[in-house]
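One structure below.
Coordinate-derived values only; no laboratory data. Source: prediction; values computed, not measured. A quick note on method: Cβ atoms are made from the backbone with ideal geometry, for glycine too, and the neighbour counts reach across all protein chains shown.
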Amino acid sequence: AGKAFRKFLPLLDRVLVERSAAETVTKGGIMIPEKAQGKVLQATVVAVGSGVKGKDGEIQPVSVKVGEKVLLPEYGGTKIVIEDKDYYLFRDGDILGKYLD
């Protein structure tokens, strides 16, 4: 994945994420059909922009870092395909939160 991101770098306050895989089996071992699987709202940050200029002219950095797990809104984001993998581009302000270890 590292080589793919040398070809694409988010600008300003944009964040590139990779959505987590959907659950295909319940805890009881029942297979979930693809149509019944919900949209995955958890993702891992794979690249971030440099930030956006504030009113005072200083750059305000993005609030998440590469490798962090975040909660995404149900709708939104721009789908990007890099080396046959799907990634999504969101603004920093659109990300709902991040998971703490």
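Modelled spin-label separation between Glu83 and Val52, with each label point placed 7 Å from Cα along the Cα-to-Cβ direction: 3.0 nm.
Label sites at Lys7 and Tyr75, each approximated as a point 7 angstrom past Cα along Cα to Cβ, lie 3.2 nm apart.
Other residues with beta-carbon under 12 Å from the beta-carbon of Asp101 carry, at +1 per Lys or Arg and -1 per Asp or Glu, a net charge of +1. Ignoring aspartates and glutamates fewer than eight residues from Lys69 along the same chain, the ones with Cα atoms less than 15 angstrom from its Cα are Glu18, Asp92, Asp94, Asp101. With 28 Å as the limit on Cα-Cα distance, the pairs of Lys27/Lys65; Lys55/Lys79; Lys7/Lys98; Lys27/Lys98 that go past it are Lys27/Lys65; Lys55/Lys79.
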